[in-house]
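**Q** A single structure is presented below for examination.
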Amino acid sequence: MRLRAAVALAIVLTITPAVPAVAEAPAVPAPAATGSPAVPPPATGETPAAGEPSATDGTPAPPPGAPADAPPAQDGTPAPDGTPVPEAPKLEDGLAADEDGTRVIVEVTAPAEAAPVAGAAEALPESEVLLRPPDTSFIVVEATGDSLAALAADPRVVSVRRDRTYSPVSLASGLQVIGADRAHAAGVTGQGQTIAIVDTGVDADHPALGGRVVRQACFSATDGGARSLCPNGQAEDASADAETAACVHEGANLCDHGTHVAGIAHAVAPAADLVAVQVFSRTTDCWEGETACLTAYESSLLLALDHVAALKDTVPGLVAVNLSLGGGMFDGACDAVPELQAMRERVETLRAKGVAVVAAAGNEGFAGAGAPGCFSGAVTVGATADDDHVPYWSNHGAVLDLFAPGVEIDSAVPGGGSQVYSGTSMATPHVAGAFALLAQKDADDAPDALLGRLRAAGRPVSYAGVSTPRIDLAVAVDGGTPAPGITPPGPEEGAAPDDPAEEPVPDPSAGPQPVPGPEGPSPADPAPVPLPTVTVTVTVTATPAPAPAAARAVCTRGTAKRTLTAAQWAAELTRGRGDLPDGTLGCYLRLVGKASAVFSEAARASTLGTAYRVLKPAKRTKRAVLDSELLAAWLNWAHGAVDLGARAGGTGTVKGVLATAEKRRLAGASPGGSASALRKYANARRTA
């Protein structure tokens, strides 16, 4: 059986699950006045007025698909007043209506139930078991809605949810900036410690890694639409080699990200051992202009985190796991999002065992982070330049724990060479290495205590009412007074062009395109690292000797003053007719895929062609009309012409209108007044 797997949201640091944010952290002003891209569903107790969806700002919101008056989590625990809280539905919203087939994770009550539930799944029509890991309480199934609903009805099944995908988040001077050279001179080099790199695998023989890669593992999902990157071509392997044939496409290595990240961690902690864990798969279901890309399914990540947790039992010095990847856009802690509970539990398990989970914040340039960085138990890292200014593309705000250098970092890539990349992916291993240095001195300290020392010793970087420490290892290791705090040009002060249409934007095939962010580029800020899910064919040269990285084109979120209707967006997406370059439109679609829970999880809109068909459907059913207006609204936001915080229908906001429309679309409910509300508040032809 060949069923179409659900495509999770992708971006330049693409990924999924692209669920709207859960605003649990203190509100932080977004860098731009146009609002945060993370869109929570309507707040508790809201009632749409006069048929128009509305939302109230500042109230913690339920996750997508939850009732408007739902508490943050539904686990059956009585509320403070004694009222029983209903169990959360076992089947994720929207899956029951799927007619094409979706890849899902089926959680069961205990590992012993996995085999019988897998047998039941195989017996259902249009259903196939893709993965049944041993001694694990979940299986991976691809099936249509009716069969998924039947599985959810099985009392041995805890939940059925989409197997979302994640992507990588797109040295010498940096080591001096964070004081690593002084820590090394004092004999603190990470001796006796181990760092796990969960990424795209590594070139273990690369001279820049000093032979410190001592263990490897591979978990790579494979089905009709994905190809394993494990050297043996199977779903699991004991090798995480980043130079396998599957990693190579048109002479370029798609798997260079993990080696680059490992090289940075090793530079910070040269005596620490490295564990390489490969979690990505190769697919052709890519964004506009790409013929091959990488993605990591959640099921692979869960197996990798379980592997690292088990490894801690035999490797006491395992102090940190580096996750330079992420999914979704959350403007606060995402601990209560139901679809993320399995990953959150594994983060907490590692934390309890003494392993810090160090995660990249993301490269979207907004106040928040993707998962797993949005978990309160993770150590979330943003990027700074050597002068401690925050590049416009780095995520930032109260959800971050630390900053570290992430601009123009020269590190290893497969084949023995090096490349200069930028991104929060590069900042994160600086912090993972820092944990190894601190643990060498105080091996009994828990991750929270080590994080506290890094935060206390760091140089405060203040911006937009928030202060985030940039790590300083010299102070953290040897003591002393932290460097005076600074308020540099922050992410809110990028120099944006008046309109993307007035700026030349190369076609995506000409170079990697970072996701559009709320700010325009500052000429001094290089684009985040080109990710395997982006135009990877230019990431590395096809020649044996790597050449210096070429200048990378940056496509940013627009600053347009006028909104466009759905029909006008369809015209823009018609090649040769619109005013916006294809490269700009492609970047807008990437940002839509990140911010929206509908595109591309429930509907495809990742290429100009698929987006055009959404905006101008062949049959104007109620659902097709809602999809058209919803995509147009997101495109207007990406274009800069829609302010998500603007009022809509009394006390509601445009953010609330979008959230309600997405909730109804994912639940398969009647569109109601959502299409007309979107048309009225987001897609009417007017000046912003």
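**Q** Give me the percent of the accessible area of segment 117-266 that comes from carbon and sulfur atoms, probe 1.4 Å, all protein chains in place.
**A** C and S atoms contribute 47 percent here.
**Q** Hey, another quick one. Rolling a 1.4 Å sphere over the protein heavy atoms, what is the accessible area per residue of segment 238-331, to the nearest Å²?
**A** On a per-residue basis, 21 Å².
**Q** Same structure again: Tabulate in residue order the Karplus-calculated ³J(HN,Hα) for segment 180-197, using 6.51 cos²θ - 1.76 cosθ + 1.60 with θ = phi - 60°, rounded to whole Hz; enter x for Gly and Pro.
**A** Taking θ as phi minus 60°, the curve returns 5, 4, 6, 5, 4, 4, 8, x, 9, 10, x, 4, x, 10, 9, 10, 9, 10 Hz for segment 180-197.
**Q** Between Gln191 and Arg156, what is the FRET efficiency for a Förster distance of 45 Å, r being their Cβ-Cβ separation, to the nearest 0.05?
**A** Efficiency for this residue pair is about 0.40.
**Q** Right, another one. Sort 394-402, 126-134, 111-119 by packing, meaning the average of other beta carbons within 10 Å per residue, with the highest value first.
**A** Ranking, from highest mean packing down: 394-402, 126-134, 111-119.
**Q** A follow-up question, please. When a/c reaches 1.5 or more, the comparison of a/b and b/c decides; with that in mind, is segment 319-419 rounded, prolate or oblate per its Cα gyration tensor?
**A** oblate
**Q** At 1.306 mPa s and 10 °C, plugging the Kirkwood radius over alpha-carbon pairs of segment 561-688 into Stokes-Einstein gives what diffusion coefficient in µm²/s?
**A** 111
**Q** Give the shape of segment 416-472 as rounded, prolate or oblate, defined through the alpha-carbon gyration tensor: a ≥ b ≥ c are the square roots of its eigenvalues, a/c under 1.5 means rounded, and otherwise the shape is prolate if a/b is larger than b/c and oblate if not.
**A** oblate
**Q** What is the antiparallel percent of DSSP beta bridges lying wholly in segment 291-450, to the nearest 5?
**A** Taking every DSSP beta bridge within segment 291-450, about 35 percent pair in antiparallel fashion.
**Q** Based on C-alpha coordinates, I'd like the Rg and Dmax of segment 113-269, in Å.
**A** 20.8, 65
**Q** Now, a different point. Once a ≥ b ≥ c are taken as the square roots of the eigenvalues of the Cα gyration tensor of segment 369-447, is the result rounded (a/c under 1.5), prolate (a/b larger than b/c) or oblate (a/b not larger than b/c)?
**A** Judged from the Cα gyration tensor, segment 369-447 comes out oblate (a/c at least 1.5, b/c at or above a/b).
**Q** Round to a whole angstrom and tell me the spacing of the C-alpha centers of segment 434-488 and segment 221-237.
**A** So the separation of the two Cα centres works out to 40 Å.
**Q** Next question. Check Cys293: other-chain or 5+ apart residues with amide H under 5 Å from its amide H, H built from backbone geometry?
**A** Sorted by chain and number, the residues that satisfy this are Thr283.
**Q** Might you tell me the accessible area per residue for segment 619-688, computed with a 1.4 Å probe and given in Å²?
**A** Roughly 37 Å² per residue, with all protein chains present.
**Q** Rounded to the nearest 0.05, what FRET efficiency do Asp442 and Ala112 have when you use their Cβ-Cβ distance and R0 = 35 Å?
**A** 0.30
**Q** Using a 1.4 Å probe on the protein chains only, how many percent of the accessible area of segment 365-437 belongs to carbon and sulfur?
**A** Percent of accessible area from carbon and sulfur atoms in segment 365-437: 41.
**Q** Might you report the magnitude of the Cβ-based charge dipole of segment 124-281 about its Cα centre, with Lys and Arg at +1 and Asp and Glu at -1, to the nearest 20 debye?
**A** Dipole about the Cα centre, nearest 20: 560 debye.
**Q** Cβ neighbours within 10 Å, averaged per peptide: list 642-654, 437-449 in order, most packed at the top.
**A** Highest to lowest by the protection proxy: 642-654, 437-449.
**Q** Counting only heavy atoms of protein chains, what accessible area per residue, in Å², does segment 340-419 have with a probe of 1.4 Å?
**A** I get 19 Å² per residue for this part.
**Q** Report in % the part of the accessible area of segment 578-645 that belongs to carbon and sulfur, leaving out ligands and nucleic acids; probe 1.4 Å.
**A** Carbon plus sulfur share of accessible area: 48 percent.
**Q** If you wrap a convex hull around the alpha carbons of segment 621-688, what volume per residue comes out, as a whole number of Å³?
**A** In segment 621-688, the Cα convex hull volume per residue is 77 Å³.
The values are calculated or read from the model by the stated rules, or taken from the named source; none is laboratory data. As the structure is a computational prediction, the values presented were derived from the model and not from experiment. Positions of Cβ are backbone-derived with ideal geometry, glycine not excepted, and every protein chain shown enters the neighbour counts. Surface accessibility is based on the protein's heavy atoms, side chains included, excluding ligands, DNA and RNA. Shrake-Rupley method; radii C 1.70, N 1.55, O 1.52, S 1.80 Å.
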